[in-house]
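The values are calculated or read from the model by the stated rules, or taken from the named source; none is laboratory data. In this text, all values refer to a predicted model and were calculated from it rather than measured experimentally. All Cβ positions, glycine included, derive from the backbone under ideal geometry; neighbour counts span all protein chains shown.
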Amino acid sequence: MYRIIYRPTSESELSVKLPADFINKEIEVIAFDVIEKSEPTKPIQTEEERRADIKNWMDGLPKFDMSNFKFDRNEANDYE
């Protein structure tokens, strides 16, 4: 794969030179405008920060007491 972000300043700079290892290969070229972000991006979280965020989110969920729950497979598959 070859990727480059390029800003041509004139019509003559619209040609893109590719590395020699693309010779005799079928290639696909996709060109689109890169949208510049006006907002600063959020920094990547560390694993510890991500786990803390998940724990905080889960702590906010309602708590259910499942200690007396009994699963009855026959009742669950009863099609009456």
| note | Flagged in the stretch 3-27 as surrounded by 10 or more Cβ atoms within 10 Å (Cβ to Cβ) and either in contact with a Leu (Cβ under 9 Å, 6 or more places away or on another chain) or of a type in the set (A, V, I, L, M) (or both), in numbering order, are 8, 16, 18
| note | Picking from 65, 53, the residue that is at pLDDT 85 or above and surrounded by 10 or more Cβ atoms within 10 Å (Cβ to Cβ) would be 53
| request: Identify all residues within the stretch 29-50 that are exposed (fewer than 10 other Cβ atoms within 10 Å of the Cβ) and either assigned to a helix (DSSP H, G or I) or at pLDDT 90 or above (or both); write none if there are none. | output: 47, 48
